[in-house]
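The values are calculated or read from the model by the stated rules, or taken from the named source; none is laboratory data. Predicted model only: the values in this text are computed from it and were never measured. Cβ placement follows ideal geometry from the backbone for every residue including glycine, while neighbour counts extend to all protein chains displayed. Keep in mind that these areas ignore ligands, DNA and RNA; they rest on the heavy atoms of the full protein, side chains included. Shrake-Rupley method; radii C 1.70, N 1.55, O 1.52, S 1.80 Å.
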Amino acid sequence: MPRDDHDDYGDDIIKKRQSYFESFTNAKLDHVGKYSVDPDKLKGNIEHFIGVAQVPIGIAGPLTIDGEHAKGEFVVPMATTEGTLVASYNRGMKLLNMSGGVKATVVDDAMQRAPVFIFSDARGARDFVTWVNQNISKIREEAESTSSIAKLTYIDHFLSNKFAFLRFNYLTGDAAGQNMVGRATFAACGWILDNYEGVENFYLESNFATDKKASQINIMRTRGKRVTAEATIKREHLLQIMRVEPKQIDYHGRVAGVGSFLSGVNNTGLHSPNGITAMFIATGQDVANVAESSAAIMYSELTDEGDLYVSITIPSLIVATYGGGTGMGTQRECLELIDCYGKNKVYKFAEIVAAVALAGEISLASAISSSDWVSSHEQYGRNR
């Protein structure tokens, strides 16, 4: 693989890698090799750079949001190759706007690293947890010494066999924070190992933080942002836009709840990862975090007036507005489009993502309940 130890992002070395790739594969980089981003600004984001993957971006909206951080109308960029996706979300946004928009609320915030300490027996693990709780102030001091942003809020403990699993929970500002909390927890664990006798073995990550994996603990305990979006949709608006009665959607939701239970899925809604993934790609999020962010809890009820209340809670939405891939060319532009680039914007972005997810849920739920789902894909979503 061609590399340049002095400047691996210069034009000459990039062209050498492109030529190497073409000769190795007998394929041409007619599109991959065309880009507007400055490769020199990609250090820390990509290795062996040869070009870009161009994903189409459409816009949906505007969507009216009444959040504590996101207030007003937002036009939302969505990157996808799935036909009808943007159209479906746009339809849901139109419906929600007619009934006053979406109320959005961030209710919790936590990013984890979960080390495990191994002892000779269960009593040793139990006594260790007692000691950790007694020394939480010093452990917090050691963890927070590694960052001006990371704040250790609490440590959960879980005992099994002769193992003590500690789940360190942090606030990480506007960054997603996985690397940040890894450094902080490593420093804290170093102090623990220096000051507690009897630990036979230790691993910085026990797979209990379930990084980039769906898990029940993150649904229950929060990973990233726990955010709820809710709205009450007028019956006449559902009939006008979606040609469906509120009670049809509510009934389908209860039937689908049985299906969710039987399948063991982590999402009682229909397709919230569709909108989340499209926004993640457009705005430079770590797309693998959709594994956790795919979890969602949908709820609906009929009001006394015959309208439909709908609510979605995303318990482990991992987003950033600063750092990572958020500062690159198109990604930064898409964040700026919704005024979510930079510091002190991550709660705003989380509220927008949840509101968009709700729009997609009500759109697809209406299509399924009115039997428009297949016909819409046949008309708009086929590229042959």
Practice prompt. Given the conditions (1) modelled with pLDDT of 95 or more; (2) closer than 29 Å to VAL319 by Cα; (3) not aromatic (Phe, Trp, Tyr), report the number of the one that ALA256 does not fulfil.
Written response: (1)
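Test VAL290 against the stated conditions and say whether it is free of Cβ contacts under 8 Å to residues at least 40 places away in the same chain, within 21 Å of LEU85 (Cβ to Cβ), part of a loop (DSSP other than H, G, I, E, B) and open to solvent by 10 Å² or more (accessible area, probe 1.4 Å). Give the derivation first.
Numbers: free of Cβ contacts under 8 Å to residues at least 40 places away in the same chain: yes; within 21 Å of LEU85 (Cβ to Cβ): yes; part of a loop (DSSP other than H, G, I, E, B): no; open to solvent by 10 Å² or more (accessible area, probe 1.4 Å): yes.
When the stated conditions are applied, VAL290 does not pass them.
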Item to complete: Could you please give the count of residues in the stretch 185-202 that are assigned to a strand (DSSP E or B) and surrounded by 13 or more Cβ atoms within 10 Å (Cβ to Cβ)?
Response: 1
Worksheet item: Of everything in the stretch 203-231 that's among the small types (Gly, Ala, Ser) and assigned to a strand (DSSP E or B), which residue is farthest from the chain's Cα centre (by Cα)?
Response: ALA231
Discussion item. Which pairs turn up if I take residues in the stretch 334-355 that are over 18 Å from ALA104 (Cα atoms) and look for partners that are of a type in the set (S, T, N, Q) and buried (at least 21 other Cβ atoms within 10 Å of the Cβ) with beta carbon separation below 8 Å, at least 6 apart in sequence or on another chain?
Written reply: CYS334/THR283; LEU335/THR283; LEU335/THR321; LEU335/THR326; TYR341/THR321; TYR341/THR326; GLY342/THR321; LYS343/THR321
Item to complete: Give the stretch 156-170 a look and list any residue that's over 17 Å from ASP211 (Cβ atoms) and either part of a strand (DSSP E or B) or without any contact (Cβ under 8 Å) to a residue 40 or more places away in the chain (or both), or say none.
Response: HIS157, LEU159, SER160, ASN161, PHE163, ALA164
Item to complete: Just one of (1) farther than 14 Å from PRO77 by Cβ; (2) in contact with a helix residue (DSSP H, G or I) (Cβ under 6 Å, 6 or more places away or on another chain) trips up TYR341, so point out which.
Response: (1)
Response to the item:
Those residues of the stretch 205-230 that are charged (D, E, K, R) and either open to solvent by less than 30 Å² (accessible area, probe 1.4 Å) or at positive phi (or both) come to a total of 3
Item to complete: Filter the stretch 247-274 for residues that are in a helix (DSSP H, G or I), crowded, with 19+ Cβ neighbours inside 10 Å and touching a strand residue (DSSP E or B) at 6+ places or on another chain (Cβ under 7 Å) and give the result.
Response: ILE249, GLY253, SER272
Worksheet item: Within the group ILE281, ILE276, which residue is at pLDDT 95 or above, closer than 17 Å to LEU358 by Cβ and not small (Gly, Ala, Ser)?
Response: ILE276
Worksheet entry | Filter result (open to solvent by less than 90 Å² (accessible area, probe 1.4 Å) and acidic (Asp, Glu)) within the stretch 11-29 | GLU22
Discussion item. For the structure I just gave you, tell me whether TYR341 is surrounded by fewer than 22 Cβ atoms within 10 Å (Cβ to Cβ) and assigned to a loop (DSSP other than H, G, I, E, B).
Written reply: yes
Worksheet item: Within the stretch 47-63, which residues are open to solvent by 60 Å² or more (accessible area, probe 1.4 Å) and farther than 23 Å from PRO77 by Cα?
Response: GLU47, HIS48
Worksheet, complete the sentence: Screening ASP174, ASP108, ASP127 for residues that are within 25 Å of ALA288 (Cα to Cα) and surrounded by fewer than 16 Cβ atoms within 10 Å (Cβ to Cβ) leaves only ASP108
Discussion item. Tell me whether the stretch 249-271 contains one or more residues that are closer than 30 Å to GLY327 by Cβ and not acidic (Asp, Glu).
Written reply: yes
Worksheet item: What tally of residues in the stretch 312-334 results from selecting those that are of a type in the set (Ser, Thr, Tyr), touching a strand residue (DSSP E or B) at 6+ places or on another chain (Cβ under 8 Å) and open to solvent by 10 Å² or more (accessible area, probe 1.4 Å)?
Response: 2
Fill in: Output for the stretch 66-105, where each listed residue is buried (at least 20 other Cβ atoms within 10 Å of the Cβ) and assigned to a helix (DSSP H, G or I)
LEU85, VAL86, SER88, TYR89, ASN90, ARG91, GLY92, MET93, LEU95, LEU96
